[in-house]
1. Can you work out which of the residues in region 208-247 that are part of a loop (DSSP other than H, G, I, E, B) and surrounded by 15 or more Cβ atoms within 10 Å (Cβ to Cβ) is modelled with the lowest pLDDT?
2. Examine region 292-302 for a residue that is under 20 Å from residue 37 (Cβ atoms), without any contact (Cβ under 8 Å) to a residue 40 or more places away in the chain and exposed (fewer than 14 other Cβ atoms within 10 Å of the Cβ), and state whether such a residue exists.
3. Could you grab the pairs with beta carbons closer than 7 Å, sequence gap of 6+ or different chains, first residue in region 66-78 and at negative phi, second one exposed (fewer than 10 other Cβ atoms within 10 Å of the Cβ) and part of a helix (DSSP H, G or I)?
4. Out of 171, 210, I need the residue that is closer than 23 Å to residue 116 by Cα and touching a residue at least 40 places away in the same chain (Cβ under 8 Å). Which one?
5. Taking region 59-80 as the region of interest, how many residues are surrounded by 15 or more Cβ atoms within 10 Å (Cβ to Cβ) and not in a helix (DSSP H, G or I)?
6. For region 175-207, give me each residue that is assigned to a loop (DSSP other than H, G, I, E, B) and closer than 17 Å to residue 92 by Cβ.
7. Within region 33-43, identify whether any single residue is assigned to a helix (DSSP H, G or I), within 30 Å of residue 237 (Cα to Cα), without any contact (Cβ under 8 Å) to a residue 40 or more places away in the chain and within 19 Å of the chain's Cα centre (by Cα), and answer yes or no.
8. Which one is modelled with the lowest pLDDT, of the residues in region 159-183 that are farther than 18 Å from residue 100 by Cα and in contact with a strand residue (DSSP E or B) (Cβ under 6 Å, 6 or more places away or on another chain)?
């Protein structure tokens with residue numbers, strides 16, 4: 001007798017069978033553009049993993065829209081509906097950003113052509129100057145490195161129907177918040193919120209980001225695979241983006257590769273792996289859906305929480 005679980009587990013083929021009538025709206029050029037730097041997304045991955053997921057999300061969005069109409073009728077009000085919020089969490093290098101980009105594109109091209117905004121929680125990191133002052137530069141990505149009250153206020157305002165809202169912008173090139181630049185979120189139908197911390201709780205605050213999330217996704221992989229992907233991405237960035245003199249990591253192009261990769265391995269061990277074990281992985285079972293990846297960076301299984 002199998003052990004009871006709150007999740008339904010699907011292998012790749014079983015999950016792909018739930019695509020239904022979801023149309024492929026991405027071209028090979030779209031898929032190439034949406035791929036991560038070390039994650040070669042394929043049309044097959046979109047067809048077998050992301051089209052069924054976009055179909056499921058469309059069904060959930062429609063159901064919440066119907067609930068809004070019923071509630072408005074019950075209350076006798078005509079308050080505008082608020083955005084449907086999808087949270088995507090997981091470790092550094094798991095492929096959260098790629099998942100977020102693919103889903104944003106599929107949903108925006110789906111039934112009704114909804115307005116879909118993608119917001120990353122990187123914008124709510126404290127500026128480097130603040131992290132330096134507080135001795136947190138080596139804890140970047142840990143819960144205390146974020147302006148959590150501001151992030152919670154943003155999602156609260158989002159679900160209160162306030163608009164437009166302003167989100168700070170973060171640059172991975174300079175590894176810092178960009179002064180005087182913001183993303184404007186103005187009455188979208190759907191917001192995808194992507195980041196390390198979207199499912200976290202356990203802080204001194206009584207309200208969490210996840211309290212305002214309608215559907216949550218965790219991108220999962222083994223520690224060994226995550227480390228390999230992190231180091232592979234670092235190696236590729238060292239040959240590309242890090243060569244820009246404006247890059248925060250430009251110095252790594254000036255030292256031997258062996259030394260640079262040893263430093264990257266140390267960063268993974270001391271910062272990213274520690275954060276994964278302490279703060280990120282414990283949130284996995286809080287997700288509505290878990291995408292389980294194998295070593296080749298493709299999704300091999302999907303776990304969907306029972307209703």
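1. Of the residues in region 208-247, the ones part of a loop (DSSP other than H, G, I, E, B) are 208, 213-214, 221-222, 239-240, 244-247.
Still in the list and also surrounded by 15 or more Cβ atoms within 10 Å (Cβ to Cβ): 208, 213-214, 221, 247.
On the way: 208: 89, 213: 96, 214: 96, 221: 98, 247: 96.
Filtering region 208-247 for residues that are part of a loop (DSSP other than H, G, I, E, B) and surrounded by 15 or more Cβ atoms within 10 Å (Cβ to Cβ), the one modelled with the lowest pLDDT comes out as 208.
2. Yes, region 292-302 has at least one match.
3. From region 66-78, no pairs qualify.
4. Exactly one of 171, 210 is closer than 23 Å to residue 116 by Cα and touching a residue at least 40 places away in the same chain (Cβ under 8 Å), namely 210.
5. Looking only at that region, the number is 0.
6. 175, 195, 196, 197, 198, 199, 200
7. Taking every residue of region 33-43 in turn, at least one turns out to be assigned to a helix (DSSP H, G or I), within 30 Å of residue 237 (Cα to Cα), without any contact (Cβ under 8 Å) to a residue 40 or more places away in the chain and within 19 Å of the chain's Cα centre (by Cα).
8. Restricting attention to region 159-183, the residues satisfying the condition of being farther than 18 Å from residue 100 by Cα are 159-166, 168, 173-182.
Checking which are in contact with a strand residue (DSSP E or B) (Cβ under 6 Å, 6 or more places away or on another chain) leaves us with 164-166, 168, 177-178, 181-182.
On the way: 164: 95, 165: 97, 166: 96, 168: 96, 177: 97, 178: 96, 181: 92, 182: 96.
That would be 181.
The values are calculated or read from the model by the stated rules, or taken from the named source; none is laboratory data. The model shown is predicted, which means the values in this text are computed figures rather than measured ones. Cβ sites come from the backbone with ideal geometry, for glycine too, and all protein chains shown count toward neighbours.
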